[in-house]
Structures are given as structure tokens and as C-alpha cells.
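Heads up, the thing below is written out as C-alpha cells.
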Amino acid sequence: MRSTALAVIPVGVLVERRKAKSVWADFLWGPVSVLAGTPTAAPWTPVDTREDMTLFFLGQAVIELHRTETANYQDNLASGTPALWTALRPVASGPGPYEILAVTADPAEGEGFTNADTNHVEAIPMPPDVVKIVAQFIAEHHVDRPFVKRQRDQKTSPHRKVGREREQ
């Protein structure tokens, strides 16, 4: 399927593995950071290791920007804490337990990824370089669309019909 994105932003995703304090899981995983640009490290490269935590470069992704979603991007930037939603999906085999499903600047799309119970979705602070690119995209492509409340047609309204039937 061909993408309708007018712009793409290459990024790298960092995930953290923490020792769990639970009898049901050995480790807790989660995306913690997105790096602007195209990192050269191989997927699942350890970046930092501490006593109970290891940080991995999970891999590369792209943020797709669409003209029809500029209002959502604008709301995201106006929130005061711009975020990127990083969705990871579990894999049965591979070097790690997850792969990147998507990274998005659209809050609605990010929320949509939470519909699958198996996805791990986190809102992560948007890097300043990505904020600049998204802001420029909004400036170039945003068109204000006024909200128009549709009026119900009184002749075909189901409520009107029910009212007439009562009168008869």
C-alpha cells in the first residue's frame, strides 16, 4: 500500500528493560526516547547498562506527516508538552521481545494503537528537532476548517415521524 504522507521524519527508538519487582514477570519493557535522524547502530544494540536497567536501540522508524492531520499535530504542539506516540508490537522470535509498529505525532492515531491489547504504546517527549519539522509542516499545510453543525431535515427526521404517528 502506498503512503499518502507528504513528509517523513526518520527517527530511532530507544527502549528500556528494567528488572521487574514481580513474581509474574522477569523484566518490564518500554519505549523511553526517540532520536531524530537516522541512527547507524544495529537494532537491539545496548546503549547503556546499569544495575537493574538496560537501554537498547530498538531500531529505525519514520514519522509520517499527512495534510489531513495538521489540526491534530497543532493540538499536540500547543499542549505545552509535545509528544510522539511509540507503538511496539510483541514478536515471537528475534533478538528482542518487540518490534516497532509505528511512531506518530498524531495523538488520535497514537490512541488508536492502544486498541490492540498486545501493543505497548507510550507517549514520549518529542525531540526539539522533530518539533521544528512538525511546526514547519503545519505552517505549510494547515487549513482552518470551521466546524459546521448539521441541521436535521425536519421532513425526514425519525423523531418527527414518530410524533406524527402519535397524532394519528
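If you go through region 39-49 one residue at a time, do you hit one that is touching a helix residue (DSSP H, G or I) at 6+ places or on another chain (Cβ under 8 Å), under 19 Å from residue 87 (Cα atoms) and part of a loop (DSSP other than H, G, I, E, B)?
Scanning region 39-49, I find no residue that is touching a helix residue (DSSP H, G or I) at 6+ places or on another chain (Cβ under 8 Å), under 19 Å from residue 87 (Cα atoms) and part of a loop (DSSP other than H, G, I, E, B), so the answer is no.
Among 54, 68, which is farther than 22 Å from residue 7 by Cβ and either touching a strand residue (DSSP E or B) at 6+ places or on another chain (Cβ under 6 Å) or among the polar types (S, T, N, Q) (or both)?
Exactly one of 54, 68 is farther than 22 Å from residue 7 by Cβ and either touching a strand residue (DSSP E or B) at 6+ places or on another chain (Cβ under 6 Å) or among the polar types (S, T, N, Q) (or both), namely 54.
Can you tell me how many residues in region 1-22 are in a strand (DSSP E or B), closer than 21 Å to residue 96 by Cα and not β-branched (Val, Ile, Thr)?
Total satisfying the criteria: 6.
Does region 126-133 contain any residue that is modelled with pLDDT of 90 or more, of a type outside the set (Lys, Arg) and within 15 Å of residue 31 (Cα to Cα)?
Yes, some residue in region 126-133 is modelled with pLDDT of 90 or more, of a type outside the set (Lys, Arg) and within 15 Å of residue 31 (Cα to Cα).
Quick one: count up the residues across region 101-123 that are crowded, with 16+ Cβ neighbours inside 10 Å, of a type in the set (Val, Ile, Thr) and modelled with pLDDT under 95.
1
Restricting to region 23-38, count the residues that are part of a strand (DSSP E or B) and hydroxyl-bearing (Ser, Thr, Tyr).
The qualifying residues number 1.
The values are calculated or read from the model by the stated rules, or taken from the named source; none is laboratory data. Fair warning: this is a prediction, and the values are worked out from it, not measured in the lab. Cβ atoms come from the backbone with ideal geometry, glycine included; neighbour counts cover every protein chain shown.
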